[in-house]
Each structure stands twice: as structure tokens, then as C-alpha cells.
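One structure is given here, and the rest of the page talks about it.
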Amino acid sequence: MTYYITTAISYPNGSPHIGHAYEAILADAYARYHRLRGEKVIFQTGTDEHGLKIMRTAEANGLTPKEFVDEMAGEFKSLADRLDISYDRFIRTTEAEHYAACQEIWRRMEANGDIYLGTYEGWYCAQEECWLTDKELQDPAWAEKKVEWTEEKTYFFRLAKYRDWLLAYIESYPDFIQPESARNEIINLLQGGLENLSISRSTFTWGVPVPNSDHVMYVWVDALTNYLTGAGFPNDYNNVWPADLHVIGKDITRFHTIFWPAFLQSAGIPLPKRVLAHGFLMHNGRKMSKSEGNVVDPLEEIDRYGSDGLRYYLLRQMPATRDGDYRDEGIVETLNSELANTIGNLAQRTLSMIHKNCGGAIPNENGSKTEADIDLMGKSSETVGRYHEAMLANEADKGLACLVELAMTLNKYLADEQPWATRKENPARANAVLFNVATNLRRLAIALQPFTPRLAEKLLDQLGQTERGFDQLLVDLKPGTVLPPPEVLFPRIEYEAA
Ligand code: MSP
């Protein structure tokens, strides 16, 4: 069985920002987590390259849309690489294979009697690439966005027909939409009724051609289908499909949990198992926007804090289900107090003592366990158990919090047991304490891999460990394992006010 996980595909009409980085990092943590469980994971991310907005931005830059997206897609891919995103495929919706998948799903929806030709008259918002009902237009959230009156021949999809089925589906599969708030929002929307959806454009050509027509597909039909293309559709796709998890931002929940299931149901294709809608990031308490000039550039942040630093802060700071705030001072504080101190110092102190006092090799556990040792192992196993629960529930922030807790437990154990003080009188006890801490450091390092892959790797190198999967998580270290000289795991950072 494959664990198929995706991010939303980004509009490459501007440079990637911290929101794009966050989503990729979040999905990457789950992809890595499932790989460590021994599952075959397919992780897809990419760019959404058609539509009116892209076409206009390309024109404004004096480029053809294709020239423009070729250049911009590179920026998104290189961000993913610099963030250590372990994607298996970076899809671009201008790929020929993707066109074939879109045309096939279209044909299937048509064969099911769900597509008809009509005329669309109404408002369109190019920024969000969506049509708006009069009711939606009244919503103050739309007041700042540019909308334009549109009248054109388009194909429609019989979305309204799917409303009752979809409501029943969402009721019977409570895990389909996460979190609860997103699920409730969608149930409310559905209860308010659904209109048929215009799914083609005839006034411009930058899109996937509709079969046997001079229209192009509405960009969301094309965009959503990327998930099927990645699974191999229309060829052999049942080994990968249905997707296990679509990780998206909360602003595009309705596209993924109303349009997408309806298209799939119409085409006779199973639905994805879960859609996770994460919150939005603000910057120092304010909404990020180009006009405010406060958009965080993830590349600059990687230069400052390293990809692990940025990954750690975002995953630790952002609750999976609510909005988060990217604070310039907050990131420095968090990294110093947790990565450099709680985790980094713990590792360095332990490894230095082993290096100095135990001949640079894992010491013997030696002798019977004290109450404190039994307590430590119990707490550690229990914390790791909660880590798994959180990760499987897609609550990466809680999963990471468990690991910080584990590091704190280890720090306390070290402080209580004082191997530096007991060494003279009772070296066997001092060794046993170091053994216990090192064994738990290994747990910590294995479990940290989804969050901070480089740092975890470095720690596992320092512990002389090559087996790094979850099957090793609760296995003790082997005494006598020779260790390399200890190194600083994560250096402290100075805060520089912008
Ligand atoms: N192209 C569509 C998605 C199509 S998926 C079939 C799109 N692109 S986007 O570039 O605007 O956004 C890409 C992802 O980044 C979305 O999931 C969006 O919610 C997320 N984010 C955009 N801004 C964000 C923040 N400020 N914070 C967190 N995530 C944000 O929508």
C-alpha cells in the first residue's frame, strides 16, 4: 500500500512566500513520518500554471505565459529543495501528461451526463480564480478584491446534483475534512445550497483544452486533477490512488471538499481519504501582504536560520488547525531556547562526557536499574506513544511538543543523577546514567527526523547509528559502539532587529 500525500500546487505568479514554505514543510513532516514507519510514500508538490491571473502577470512582464511559468516554477522548486522537502514528484500543470489526465476526467464527467453548454453571466475574481455569487459579493472579505463582470459561453458542471450526496458523505466520514472548524464551514456552505459550476473559459486560451472544443478548462478543474496525474491517471493509478492526505490552506477548502469530491464522484473515481486545511501565517501580528511590504521571504529565513531552524520554528509554532504568527523575535527565542539549549546542549553535554570519560564509546548499562531509571524509560515510552498519536492525527505541532518534553525529561534526569559528580565514587552508576540518556537521545533523534532532518541526522551520526527507522525507536543502544568526537548540534543565534 502506498501513502500518497500532496500539498496544494502553488500559483507561480510571484515569488514563493513563507505560507508556501509552511505548507511544504508541514506536508514533508508527515511524508517523512510515514516513510519512517516503513510505508511506501509518494509525496507530490508543484505549481499551478494556468489561468487568467498567470496569463496577465506574464503579459505584464513582457513574456509569454509559458516563458513566464518556466522561470517561476524554477523558483518554487528550488525553494522546496532548499527546505529539504522530500517530494517524489514536482508536478507542473503544463506537462503533457497532466493535460491527458484532465481531458480524461472531463470525458468521464461528460459521459456521466454532468457537463452542458451554457452562458455564464456574473462576477469573476482573477486573484482567487473563482466565480462569485451575489451573496458572496456582499461579504466584506471580498470588498478588497478586484472582481470583474464576465459574460461568456462556458460549459457547466452539474454541481447542485451532488449536494445531498456530499452532505451525507461528510456526515458519515468525520475524518474526511480536518480540522473540525473547516468541516463545519463546509457543512454550512452545503446547507446553504449549491449552484452548478462554470468549468470552462472561452475568452482566453491559457489552459488545458476542453476535448472537442475551443474552450479551455476552468483552472480549478485542471489544478485539482494534478493529484490524479501524480497517481498515474488514467493509466495504472489504483496502486497509488486514492490519496491519503491533501494538505492545503484553509482558503481553498471548498475547492477541495466540494468541487473535487463532486468531480471525482461524477467520473467514478474514489475520493481522497483526508483533506487537512491548515491555518494562515501572519507576520509580527499583522496580515502579510505585498502592499504592506511585510511578506516574509523564506529564502532569507533559510539563510539566517538554516532550513532546520525555519522548519522547527514553523512546525513548533503553528498549531495544525489555527492561524499562526511568524514573529522575528519569536523564531530566535524558540531556536535558542529549544534547539540550541534544551536539545542541543543536552546532546553535547552527554556526548562530551561519554567522549571524555568512557573512551569515546557507548558505556555499559551495568547493574540494576534504579527507580529513577525505570521512571525515565516509562516516561519516555509514554511520550513517544503520544508523539505517534499526534502525528497520525496530523497534529505535527503536538508531535513536536512531545519531543521537547522528552528532551526536558532527559535534562531533569541528568541534573538529578549528576553523572559528573558520581563518577569518582561510582563510575558504573555514572556510566549507566550516560547510557540511559544516550539511548533516549537516539529515540529523540529518530523521532525528530520528520521535523529537522539535518539536525536529526547529525545527532544520529554522533551517536554512531546507521539504522534510523521507527523499528529502531525503542531499541537500546549497543554498549561499545564507538562515537565520533562531539560537535555543536545547533549554534545559538543573535537576534538582529530588522
Ligand atoms: N493554486 C492554488 C491551489 C491549487 S491546489 C489544486 C493556490 N495557490 S496559492 O499559491 O495561492 O497557494 C498555495 C498554498 O499556500 C495554498 O494551500 C494556500 O492556502 C497556502 N497559503 C497561501 N498563503 C498562506 C499563508 N499566509 N499562510 C499559510 N498558507 C498560505 O491557492
The correct count of residues that are part of a helix (DSSP H, G or I), away from the ligand (no atom under 12 Å from the Cβ) and not hydrophobic (A, V, I, L, M, F, W, C) in region 266-306 is 7
Within region 46-76, residues at positive phi, in a loop (DSSP other than H, G, I, E, B) and surrounded by 19 or more Cβ atoms within 10 Å (Cβ to Cβ) come out as GLY51
Contact list, first residue from region 109-123 and closer than 18 Å to ASP134 by Cβ, second anywhere and loosely packed, with under 12 Cβ neighbours inside 10 Å, beta-carbon distance below 6 Å, six or more apart or interchain, is GLU121/GLU151
Residue count, region 186-223, condition out of contact with any strand residue (DSSP E or B) (no Cβ under 9 Å at 6 or more places or on another chain) and within 14 Å of the ligand (Cβ to nearest atom), comes to 1
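Which residues, taken from region 88-105, are of a type in the set (Asp, Glu) and within 20 Å of ALA27 (Cβ to Cβ)? Can you show your working first?
Taking region 88-105 first, the residues of a type in the set (Asp, Glu) are 88, 95, 97, 104.
ASP88 - this is the single residue of region 88-105 that is of a type in the set (Asp, Glu) and within 20 Å of ALA27 (Cβ to Cβ).
Among the residues of region 7-22, are any among the polar types (S, T, N, Q) and touching a strand residue (DSSP E or B) at 6+ places or on another chain (Cβ under 6 Å)?
Initial filter on region 7-22 (among the polar types (S, T, N, Q)): 7, 10, 13, 15.
Then keep just the ones that are touching a strand residue (DSSP E or B) at 6+ places or on another chain (Cβ under 6 Å); that gives 7, 10.
Yes: one or more hits.
Look through ILE170, ILE91, ILE85 and report the one residue that is modelled with pLDDT of 95 or more and away from the ligand (no atom under 16 Å from the Cβ). Explain how you work it out, then say what you get.
Values: ILE91 fails: away from the ligand (no atom under 16 Å from the Cβ); ILE85 fails: away from the ligand (no atom under 16 Å from the Cβ).
Exactly one of ILE170, ILE91, ILE85 is modelled with pLDDT of 95 or more and away from the ligand (no atom under 16 Å from the Cβ), namely ILE170.
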Among LEU79, LEU36, the single one that is more than 26 Å from TYR387 (Cβ to Cβ), aliphatic (A, V, I, L, M) and either in contact (Cβ under 8 Å) with a residue 24 or more places away in the chain or surrounded by fewer than 18 Cβ atoms within 10 Å (Cβ to Cβ) (or both) is LEU79
Scan region 14-26 and tell me whether some residue there is under 20 Å from VAL210 (Cβ atoms), within 16 Å of the ligand (Cβ to nearest atom) and of a type in the set (Phe, Trp, Tyr).
no
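Report yes if GLY14 is over 30 Å from GLU467 (Cα atoms), assigned to a helix (DSSP H, G or I) and out of contact with any His (no Cβ under 9 Å at 6 or more places or on another chain), otherwise no.
no
Can you confirm whether ASP251 is surrounded by fewer than 22 Cβ atoms within 10 Å (Cβ to Cβ) and of a type in the set (Asp, Glu)?
Values: surrounded by fewer than 22 Cβ atoms within 10 Å (Cβ to Cβ): yes; of a type in the set (Asp, Glu): yes.
For ASP251, the condition - surrounded by fewer than 22 Cβ atoms within 10 Å (Cβ to Cβ) and of a type in the set (Asp, Glu) - is met.
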Looking across region 1-13 at residues that are within 11 Å of the ligand (Cβ to nearest atom) and of a type outside the set (A, V, I, L, M, F, W, C), the single one that is farthest from GLU129 (Cα to Cα) is THR6
Matching residues in region 369-403 (outside any helix (DSSP H, G or I) and within 14 Å of THR321 (Cα to Cα)) number 3
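Give the residues of region 415-464 that are of a type in the set (Phe, Trp, Tyr) and either closer than 24 Å to GLY309 by Cβ or surrounded by 18 or more Cβ atoms within 10 Å (Cβ to Cβ) (or both), sorted by residue number.
Looking only at region 415-464, we keep the residues that are of a type in the set (Phe, Trp, Tyr), and these are 420, 435, 451.
Result: PHE435, PHE451.
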Picked from region 149-174 (must be of a type in the set (Asp, Glu) and either closer than 12 Å to THR257 by Cα or touching a strand residue (DSSP E or B) at 6+ places or on another chain (Cβ under 7 Å) (or both)), the residue surrounded by the fewest Cβ atoms within 10 Å (Cβ to Cβ) is GLU151
Residue within region 85-102 that is assigned to a loop (DSSP other than H, G, I, E, B) and of a type in the set (Asp, Glu) present = yes
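Whether any residue in region 469-486 is of a type in the set (A, V, I, L, M), surrounded by fewer than 16 Cβ atoms within 10 Å (Cβ to Cβ), modelled with pLDDT of 95 or more and in contact with a strand residue (DSSP E or B) (Cβ under 8 Å, 6 or more places away or on another chain) is what I want to check. Spell out how you get there, then give the answer.
Let us first name the residues in region 469-486 that are of a type in the set (A, V, I, L, M), namely 473-475, 477, 482-483.
From what's left, surrounded by fewer than 16 Cβ atoms within 10 Å (Cβ to Cβ): 474-475, 482.
Applying the additional criterion that residues be modelled with pLDDT of 95 or more yields 482.
Subsequent filtering for residues that are in contact with a strand residue (DSSP E or B) (Cβ under 8 Å, 6 or more places away or on another chain) retains 482.
There is at least one residue in region 469-486 that is of a type in the set (A, V, I, L, M), surrounded by fewer than 16 Cβ atoms within 10 Å (Cβ to Cβ), modelled with pLDDT of 95 or more and in contact with a strand residue (DSSP E or B) (Cβ under 8 Å, 6 or more places away or on another chain).
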Review point. Quick one: would you say GLU49 is among the acidic types (Asp, Glu), touching a His at 6+ places or on another chain (Cβ under 7 Å) and within 16 Å of the ligand (Cβ to nearest atom)?
Key: no
Those residues of region 133-177 which are touching a Cys at 6+ places or on another chain (Cβ under 6 Å) and under 23 Å from ALA277 (Cα atoms) amount to LYS145
By residue number, the members of region 229-265 that are within 14 Å of the ligand (Cβ to nearest atom), farther than 23 Å from ARG322 by Cβ and either at pLDDT below 95 or not in a helix (DSSP H, G or I) (or both) are ALA243
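Of the residues GLN178, GLN191, GLN138, which is closer than 22 Å to THR253 by Cβ and in contact (Cβ under 8 Å) with a residue 60 or more places away in the chain?
Details: GLN191 fails: in contact (Cβ under 8 Å) with a residue 60 or more places away in the chain; GLN138 fails: in contact (Cβ under 8 Å) with a residue 60 or more places away in the chain.
On inspection, the qualifying residue turns out to be GLN178.
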Can you confirm whether GLY122 is more than 16 Å from the ligand (Cβ to nearest atom), among the small types (Gly, Ala, Ser) and touching a Phe, Trp or Tyr at 6+ places or on another chain (Cβ under 8 Å)?
yes
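Hey, can you tell me all the residues within region 310-345 that are hydroxyl-bearing (Ser, Thr, Tyr) and part of a helix (DSSP H, G or I)?
Hits for region 310-345 are TYR312, TYR313, THR334, SER337, THR342.
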Scanning region 191-221 for residues that are assigned to a loop (DSSP other than H, G, I, E, B) and among the aliphatic types (A, V, I, L, M) gives LEU194, ILE199, VAL208, VAL210
Practice item. Return yes or no: is TYR387 within 16 Å of the ligand (Cβ to nearest atom), farther than 14 Å from LEU441 by Cα and surrounded by 14 or more Cβ atoms within 10 Å (Cβ to Cβ)? Key: no
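So which residues in region 272-328 are of a type in the set (A, V, I, L, M) and within 14 Å of the chain's Cα centre (by Cα)? Full working, then the answer.
The initial filter retains those residues of region 272-328 that are of a type in the set (A, V, I, L, M), namely 275-277, 281-282, 288, 295-296, 299, 302, 310, 314-315, 318, 320.
Within region 272-328, VAL275, LEU276, ALA277, LEU281, LEU310, LEU314, LEU315, MET318, ALA320 qualify.
The values are calculated or read from the model by the stated rules, or taken from the named source; none is laboratory data. A quick note: this is a predicted structure, and the numbers were derived from the prediction, not measured. Note: ideal-geometry Cβ built from the backbone for every residue, glycine included; neighbour counts use all protein chains shown.
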